[in-house]
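The values are calculated or read from the model by the stated rules, or taken from the named source; none is laboratory data. Please read all numbers here as calculations on a predicted model, not as lab measurements. As a convention, Cβ positions derive from the backbone with ideal geometry for all residues, glycine included, and neighbour counts pool all protein chains shown. Surface areas here come from the heavy atoms of the whole protein model, side chains and all, with no ligands, DNA or RNA. Shrake-Rupley method; radii C 1.70, N 1.55, O 1.52, S 1.80 Å.
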Amino acid sequence: MSIKGLNNTELMQILAKDWQPDQAEAITEFAARWQICLNSAGKIEQPEANALRFNLHLTGLRLHGAENVACLAIGSTGENANLIGAQVKSFWYKTNSTDRMVFLLALSDEAYEQAKAALPQVRCLRLRPEQILSVLQSCEPLSRLKQLIRDQYSRHQLLPYNITMPVKENMFFGRQNELERLFNEPSNSFAIVGAGRLGKTSLALEFHRRLVGENDSRSTRKFHVDFFDCIEQTSDGVARFLAKEIDPSKRSSEMTIHDLAFFLRFQAHKLGGPIELFLDEVDRVCHLQAFDILTMSTRRGVCRLVMCGRGNLLRTLMTENSPLNKRVELIRLLPLDEESASKLLIEPILDLGFEVVNQDKLLQQVFHWTGRLPHLLQFYGTRLVNLALAEGSNVITPELIDKVRSAFETVQLFAEQLEKLSDATTRIMAEHLLTDGRRHFTLPGVQEIGRQRGINLSNAQTLEICNDLVISNVLMWHEDAYYIANQSLVHYARKMRFLDNQPKNAHLPF
């Protein structure tokens, strides 16, 4: 009988004995079955004596590190017993990271004991043969795997919410319309504009993952350039920085703005098509002449831009004499739709092993206080889980929402959004809008609120203030109008009595 014709138990019995790299068919069949049963993809490396390394991309598992799992399958000790410890230690040294899970799959009890002695007690899932079979033979293998992971990992380690970094693939939800535009409008350049932590970089990275996942030819011509790391903020400095990110050569180190157009044409010719440039954190440099050259290059089909930025990028796009004006499509990030927001909040909680009581009420409250903004949903998710863990509870209830809302960290998070408004008029208008009682505002409506309080604004000033408040996460765009980003801002603005000359730094929980 062929290897593929063996059932899981028979295959495991073969691999429980000594095996060598020349038995590659049986070894790689084992790894492939793991990938298939968990609906995963990943690299399978060349087997060693009694050891095989492979990866799992568990994008359907909403746990930290699940999108890139490093696996080591170990066979019987036998005559190779002296190799087990060294192989396991080498594997752990190369793969140990707080950003990924590590699985040790022992195909015999002897191998399990040998490997266990060589591994630390944390950040690693160790499975005996019977546990491995329980996953392979389960009707719901991913559910069984979750249970095994929770048995050996701390739930603090597994918490996948993160509001300081772009989300990983297994925590990306929604934004399908925006992704469709990025993917299916290859001749258009785009500027993704929005407040910090709203998901601009996450959207662009997901688009790049999709290019790679669908084997799109553009994936071989894509470059991610983060201008946060660009120290020399001049046109020549930007040209050099960009060139070195695309082609780190001596010629790139000597690049000037005058050479940039030719350099881009040469690279596009070498790569066989327009360069896909994902330019992040462009606010500090988008006004420089280098971006005039980039825009000209897009018109000539040399490159395509996907830029991420905030207020300066938005102002540059709206400036009449800017080359970016009317040459780049604007993508304004809105709150997540209800289905995506629900998945982002609830699925990680369930995968962590918690029970959610009265889910509809909990979602309704969280949506109310967060406005379905992805970073605020993750903030609430983190706080709810940590509260339950601190109380020794396995249940998430709507009653926990009030505890999150009154916590010092929550008050600080929302109060800082208002205190960071540096322009006095913008700050005053933000306070008036938040305490006005209305949720939606047209530009004339904002002007009227200002006039009622002795602030006379021109159309241009009103537009600039409203857009600044959008970039500051106080307002959100809605077609030709604006609305309050979330009710937490209204709540804290009133509680802190900004307009009654109360101390602005009184961050007391309410």
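Give me the accessible area per residue for the stretch 1-61, probe 1.4 Å, as a whole number in Å².
For the stretch 1-61, the solvent-accessible area averages 49 Å² per residue.
Using the heavy atoms of the protein chains alone and a 1.4 angstrom probe, what is the accessible area of the stretch 153-292 per residue in square angstrom?
Counting only protein heavy atoms, the per-residue value for the stretch 153-292 is 46 Å².
What is the stretch 1-100's relative contact order, in percent, from Cα pairs under 8 angstrom and six or more apart in sequence?
24 percent
What is the local net charge at residue 379, summed over the other residues whose Cβ is closer than 10 Å to its Cβ (Lys, Arg +1; Asp, Glu -1)?
Net charge in that neighbourhood comes out at +1.
How many percent of the accessible area of the chain is carbon or sulfur, using a 1.4 Å probe?
Within the chain, the accessible surface is 48 percent carbon and sulfur.
In whole Å, what is the distance between the alpha-carbon centres of the stretch 1-77 and the stretch 120-166?
What the calculation gives is 16 Å, centre to centre.
Using a basic spin-label model with each label point 7 Å from the Cα along Cα→Cβ, how many nm lie between residue 442 and residue 117?
7.9 nm
How would you order 66-74, 212-220 from highest to lowest mean count of nearby Cβ atoms within 10 Å?
The most tightly packed comes first, giving 66-74, 212-220.
Give, rounded to the nearest 20 debye, the magnitude of the charge dipole that the stretch 143-219 has about its Cα centre when Lys and Arg contribute +1 at Cβ and Asp and Glu contribute -1 at Cβ.
With Lys and Arg at +1 and Asp and Glu at -1, about 380 debye.
Explain nothing, just the number: dipole magnitude of the stretch 82-197 about its Cα centre with +1 on each Lys and Arg Cβ and -1 on each Asp and Glu Cβ, in debye rounded to the nearest 20.
My answer is approximately 360 debye.
What number, in nm² with one decimal, is the all-direction average of the projected area of the convex hull of the alpha-carbon atoms of the stretch 66-180?
9.2 nm²
Starting from the stretch 106-135, pick out the trypsin sites (Lys or Arg not before Pro) whose DSSP state is loop and whose Cβ has at most 14 other Cβ atoms within 10 Å.
For trypsin sites (Lys or Arg not before Pro) across the stretch 106-135 that sit outside H, G, I, E and B with at most 14 neighbouring Cβ atoms in 10 Å, the list is empty.
Considering the dipole of the chain built from charges on the beta carbon (Lys and Arg +1, Asp and Glu -1) around the Cα centre, which of 389, 199, 2 is farthest to its positive end?
About the Cα centre, the residue reaching furthest to the positive side is 199.
How big is the charge dipole of the chain about its Cα centre, in debye rounded to the nearest 20, if each Lys and Arg gets +1 on its Cβ and each Asp and Glu gets -1 on its Cβ?
680 debye
For the ranges 55-62, 437-444, what's the packing order if you count other beta-carbon atoms within 10 Å of each residue, average per peptide, and put the highest first?
With the highest mean Cβ count within 10 Å placed first, the list reads 55-62, 437-444.
Starting from the Kirkwood Rh over alpha-carbon pairs, what translational D in µm² s⁻¹ does the stretch 7-153 have by Stokes-Einstein at 25 °C and 0.890 mPa s?
The estimated diffusion coefficient comes to 164 µm²/s.
Straight-line reach from residue 270: which lysines have Cα under 29 Å away, leaving out those fewer than 8 places along the same chain?
Counting by Cα, and skipping residues close in sequence, residue 270 has these lysines nearby: 43, 222, 244, 250.
Would you mind checking the tilt of helix 289-299 against the longest principal axis of the Cα atoms of the chain, expressed as 0 to 90 degrees and rounded to 10?
Around 70 degrees separate the two axes.
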